[in-house]
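K.L.:
The structure's right below; bear with me while I get my questions together.
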Amino acid sequence: MKRLHIEFPGNSIFKTQIKLRITDINYGNHLGNDALISIIHEARVQMLQHFGFSEMDIGGAGIIMSNLAVQYKSQAFYGDVLLLEMAIDDFSATACTMYYKVSCNDKMIALAQTGIVCYDYAKEKVTALPQVFIKAMQRQAE
């Protein structure tokens, strides 16, 4: 099996902390893979809100996820406080990639990336990535 490798690009544009709840823990007594996906979703929503956007409006259009990749590095446990750092790269006319670095006490827990496509929910079709969003994200990465 070919191993997945995610490389976190450049500087973080946003950081947040999320404490693991008992519902985030699986039968192996550690962070469940499904819970990690929910946690990165929460980080994405917090990041967008921080910059005055939402998943339904990033400057005149919404977003929809086209893909997700996760590279697990280490376990996390109930009560751990995760540090999530985010970066955005690979801008195109209609999409970008969001990256997530998840750590706890300087220990890497996971790296993830989501393909984000700009989407017009009213018309149910892909649309252009708003320049205001691209500029705001690029300005933060500098």
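Where a number appears in this text, it was derived from the coordinates with a stated rule and is not lab data. Predicted, not measured: the structure shown is a model, and the values here were computed from it. Note that we place each Cβ from the backbone using ideal geometry, even for glycine, and neighbour counts take in every protein chain shown.
K.L.:
Nearest 10 degrees is fine. How inclined is helix 33-50 to the longest principal axis of the chain, computing both from alpha carbons?
P.N.:
40 degrees
K.L.:
Give me the angle, in degrees from 0 to 90, between the Cα long axis of helix 131-141 and the longest principal axis of the Cα atoms of the chain, rounded to the nearest 10.
P.N.:
Computed tilt is about 40 degrees.
K.L.:
Next up: Could you line up Asp80, Asp34, Asp106 from fewest to most neighbouring Cβ atoms inside 10 Å?
P.N.:
Exposure proxy ranking, most exposed first: Asp106, Asp34, Asp80.
K.L.:
Straight-line reach from Lys101: which lysines fall under 25 Å, measuring Cα to Cα and dropping same-chain residues less than 8 apart?
P.N.:
Excluding near neighbours in sequence, the set is Lys2, Lys15, Lys19, Lys73, Lys135.
K.L.:
Among Ala61, Met47, Ile109, pick out the residue whose Cα is farthest towards the positive end of the charge dipole of the chain, where Lys and Arg carry +1 and Asp and Glu carry -1 on C-beta, about the Cα centre.
P.N.:
Ile109
K.L.:
Taking the Cα centre of the stretch 14-141 as origin and charging only Cβ (+1 Lys, Arg; -1 Asp, Glu), how large is the dipole, in debye to the nearest 20? Before the final figure, lay out each step's value.
P.N.:
Working: 11 positive and 12 negative charges, 41 e Å.
Its charge dipole is roughly 200 debye.
K.L.:
Per DSSP helix of 4 or more residues, -39500 (n - 2.57); summed, then divided by the residues of the chain. What does that give at 222 nm, rounded to the nearest 500?
P.N.:
One gets -6500 deg cm²/dmol as the mean residue ellipticity at 222 nm.
K.L.:
Starting from the Cα of Ile37, move 7 Å in the Cα-to-Cβ direction to define the label point; list residues of the stretch 107-126 whose amide nitrogen is under 17 Å from there.
P.N.:
Taking a point 7 Å out along Cα→Cβ of Ile37, the residues of the stretch 107-126 whose backbone N falls under 17 Å are 110-117.
K.L.:
Once Rh for the stretch 14-141 is found with the Kirkwood sum over Cα pairs, what is the Stokes-Einstein diffusion coefficient at 20 °C and 1.002 mPa s, in µm²/s?
P.N.:
Rounded, D is 141 µm²/s.
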